[in-house]
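Input: a single structure, listed below in structure tokens.
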């Protein structure tokens with residue numbers, strides 16, 4: 001369960017203690033999260049105007065012909081999200097760009113938007129093992145290597161993106177659109193755009209997305 005800390009906490013991660021500071025988002029067991037919330041040591045901020053978690057006008061861009069069938073799912077969260085169907089773009093001050101082929105863990109939407117207080121964009125890594133060197137055609141990898149220089153890097157699962165409207169993200173999505181004209185795997189075209197623009201990116205864990213990537217067409 002994701003919560004935002006209001007006090008210093010030491011948490012064991014893979015057997016090693018690590019200090020987390022007020023304002024950090026952490027994923028802990030539900031009982032511990034509820035204990036911290038009851039003690040005032042953590043919170044799950046609500047999505048209301050002026051809450052500080054996000055600016056007014058947050059919403060979702062669903063990468064589908066219509067958003068109608070998904071509207072009720074987001075309305076059910078009761079956090080006031082607008083929903084539109086479109087290609088990837090920054091449609092709101094805080095935008096979740098989601099392709100229905102990626103399983104959406106709705107409990108992560110609140111912390112996802114919360115990360116945008118600090119970061120310009122947040123996106124889960126596709127895999128810890130499958131790298132840019134393993135994706136796409138030889139030609140696509142060559143075009144990508146010309147930009148990022150080394151293909152031995154993880155790529156992002158761009159079916160799930162949290163983005164804040166700002167100059168860098170506007171430029172990123174413009175660059176991604178141009179790279180997409182090549183027809184290459186969208187994970188590689190996104191990497192090329194990302195390396196050219198270099199927005200402030202938070203790489204989310206692979207657990208935020210579907211375990212199997214079957215494209216986004």
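One line per residue, one yes/no per condition, for (1) assigned by TED's automatic domain parsing to the domain that holds residue 106; (2) out of contact with any strand residue (DSSP E or B) (no Cβ under 9 Å at 6 or more places or on another chain); (3) at pLDDT below 80:
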position: 29; (1), (2), (3): no, yes, no
position: 38; (1), (2), (3): no, yes, yes
position: 53; (1), (2), (3): yes, no, yes
position: 59; (1), (2), (3): yes, no, no
position: 63; (1), (2), (3): yes, no, no
position: 66; (1), (2), (3): yes, no, no
position: 72; (1), (2), (3): yes, yes, no
position: 75; (1), (2), (3): yes, no, no
Inset, instruction - Collect the residues in region 103-130 that are in contact (Cβ under 8 Å) with a residue 60 or more places away in the chain, over 12 Å from the mean Cα position of the chain (by Cα) and under 17 Å from residue 71 (Cα atoms), keeping them in residue-number order. - result: 103, 107
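The values are calculated or read from the model by the stated rules, or taken from the named source; none is laboratory data. Being a predicted model, the structure only gives us computed values, none of them experimental. Glycine gets a Cβ as well: all are built from the backbone with ideal geometry, and neighbour counts include every protein chain shown.
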